[in-house]
1. Testing the spin-label approximation: label points 7 Å from Cα along Cα→Cβ at Asp99 and Arg86. State their distance in nm.
2. Taking θ as phi - 60°, what are the ³J(HN,Hα) couplings along the range 13-22 by the Karplus curve (6.51, -1.76, 1.60), each to the nearest whole Hz, with x for Gly and Pro?
3. Using amide H atoms built in the peptide plane, which far-off residues or other-chain residues are under 5 Å from Val93 H to H?
4. List the pair-distance distribution P(r) of the range 36-152, using every Cα-Cα distance, as the percent of pairs falling in each 10 Å bin from 0 up to the bin containing the longest distance, rounded to whole percents.
5. Taking the Cα centre of the range 34-101 as origin and charging only Cβ (+1 Lys, Arg; -1 Asp, Glu), how large is the dipole, in debye to the nearest 20?
6. Using alpha carbons only, how many angstrom separate the centre of the range 97-157 from the centre of the range 42-93?
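Where a number appears in this text, it was derived from the coordinates with a stated rule and is not lab data. The model shown is predicted, which means the values in this text are computed figures rather than measured ones. Note: ideal-geometry Cβ built from the backbone for every residue, glycine included; neighbour counts use all protein chains shown.
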Amino acid sequence: MHVGGDSQIHGREDRTSVGWWATGRPVLVDPGTTTYIAGAAREWSCSAPAHDVAADLGRRLDRNAAVTLVSISLGTARDPVMLAGRPYGLAQVRRLVIDPTANRLAVTDTDTVRLGQFVQLDSRRRLLDVDSRRRVARFRDSPGALLTVRIPGRISSVTFGRQGVAGGWTYTDPPTRCQVAPRITIVGGTKVGRSRDRPSRGGDARRWPRGWIPGCP
């Protein structure tokens, strides 16, 4: 979880962002940066839509507004966490409930502002399907674990390896390497997003293409 105020060194719009591992593998990840040179690619890498956050895209981020870790309780099941702040000028609260025994994460964002949710998945995940109401998306990784994402809003898009830095990639540097990875954009009624990652039960011999792509799109 990323909380606190602005960092002149880090300088990214990722306060309230969340990273999550389940079944011993990464699920929600920070995409990294494609470059440290000023320009459109750098601006995207630092922006809110490039991270696992809920952002009010109709307002400018207040870089002096800190996000605070209000409470956290870690046990063996249903670990609640609450983050709060005014990063866009209005009160915003993000509540997380992590269930390590069921490999489940629930995220609730306040709807006092018009929020868009962004979810960056690890590059091992591949999209299986999105339901007709665009409220459930399922992904599978190469060992066969199934990830289900359920929301009450609407999945606007799932981008994966498209042209341009916004097209579903994760980055490492140095050396600069890019790898295709699903990025989900959620709009409308995005109070709650729930994800559950279930380990493989065997029998899935599928091998997903994973190779590193030199350079960036």
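1. Simple spin-label model gives 3.6 nm for this pair.
2. The phi angles translate into 8, 10, 5, 6, 5, 10, x, 8, 10, 8 Hz.
3. It is Thr110, by chain and number.
4. Taking every Cα pair in the range 36-152, the percentages come to 11, 33, 36, 18, 1.
5. On the way: 8 positive and 6 negative charges, 42 e Å.
In debye, rounded to 20, the range 34-101 gives about 200.
6. Answer, in whole Å: 18.
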